[in-house]
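Colleague: Below is the structure I would like to discuss, written out as structure tokens.
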Amino acid sequence: MTTSTIPASFGKQEWDRFVRRGRTLVKKMSAIQFDLGDLMIEMLQGRRRGNGEVGEVIELFAHEIGLAPATLRTYYDVARQWPKDKRRSDVCFTVHAALAYTRSRYVKIRKDPVDPFTGERHWTVNEALRAADHDRKPHTPTNAEERLAKTRELLRSESDAAEAVREILARPDVRSRAASDQRTRHLMRQAQYEHWQQVDEAAEIDQELAESIEGEEELEEEAPKVSYDEGPIEILRLLGSFAAFFVSLQKTIPQIHSQDYTEEAKEAVLDNIAKARSFLDWCESAVTTGKTDMDKALARLLEDEEGE
């Protein structure tokens, strides 16, 4: 037994002594469980087994001796699967029960598996469940896959899962690992984007409700509208360009994750932002003053871009 499996408040010799006593008691308990199962086999030998007679006998007998019928039924079923000459007296009844319906169980039980907690070779309920052919999860996970499976099972509730994530992210090492993982960062950005979408939608619903109940005028001043039947074609084109630009940015910007970009990529985006500002200044000057000539700085920008 490795010292790492011993509680801090126990010495090794003291702990080993209690373990030996516990194993002796479990061995006695297992013998009694098999004895009760064998007793049921003896009672039912040669008797009718149809129309619920077996269940009736087990239920009445369990009541007489002070056991739950389901418990006595388990003893009976396991004893039937394990003839006396196939059982191991040094292996507990619960392990026999876990392997009761496993193929090649008589061969499997002869070979002791390694206990991942102690390094010893002996049968435990965990290893029996793991060795069973049917889909049964061990009570105590011993590797990452089993721990994750157990966590998913425990955190089925969305609220429980969210609370667990909040507590786990309070650990600095976990935050550091999560921040260094690109997929995790993407999921967090997506969560933020979805959150603010929900906030905006909720605000719109609240506004519509307030307007329908109170009959108030619109809370926000609408942007000036231009009639598509009367507006000059160049103005309509400008407004269409702005609308497409705004929609495109609104969809793209929430997906930005600058920590994953090279300096060259960032520089290219910043260069285009500067060009966009120059174009907007040119547009503003043309609309307010009527001067549509391109200034020298913007002309140089365009010349540099065309020359590349």
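The values are calculated or read from the model by the stated rules, or taken from the named source; none is laboratory data. What you are looking at is a predicted structure, and each value in this text was computed from that prediction instead of being measured. Every residue, glycine as well, gets a Cβ built from its backbone with ideal geometry; the counts of neighbours run over all protein chains shown. Calculation scope for accessible area: heavy atoms of the full protein, side chains included, ligands and nucleic acids excluded. Shrake-Rupley method; radii C 1.70, N 1.55, O 1.52, S 1.80 Å.
Colleague: Per residue, how much accessible area does region 83-137 have with a 1.4 Å probe, in Å²? Write out the running numbers ahead of the final one.
Modeller: Values: 3200 Å² over 55 residues.
Solvent-accessible surface per residue comes out at 58 Å².
Colleague: Of the heavy-atom accessible surface of region 1-40 (probe 1.4 angstrom), what whole percent is carbon and sulfur? Walk me through the numbers before you get to the answer.
Modeller: Values: 1760 of 2860 Å².
The value for region 1-40 is 62 percent carbon and sulfur by accessible area.
Colleague: Beta carbons within 10 angstrom, averaged per residue: use that to sort the peptides 104-116, 166-178, highest first.
Modeller: Working: 104-116: 14.0, 166-178: 10.8.
Final packing ranking: 104-116, 166-178.
Colleague: Ok, one more. Please compute the modelled spin-label separation between Ser9 and Tyr101, points set 7 Å along Cα→Cβ, answer in nm with one decimal.
Modeller: Rounded to a tenth, the inter-label distance reads 4.0 nm.
Colleague: Give the accessible area for His63 in Å² (nearest 10); use a 1.4 Å probe, count only protein heavy atoms, and leave out ligands, DNA and RNA.
Modeller: Approximately 140 Å² for this residue.
Colleague: Highest first, please rank the peptides 5-13, 68-76, 122-130 by the mean number of other Cβ atoms sitting within 10 Å of their residues. Spell out each step's value before the answer.
Modeller: Details: 5-13: 9.6, 68-76: 16.9, 122-130: 19.6.
Per-residue Cβ counts within 10 Å, averaged per peptide and sorted highest first, yield 122-130, 68-76, 5-13.
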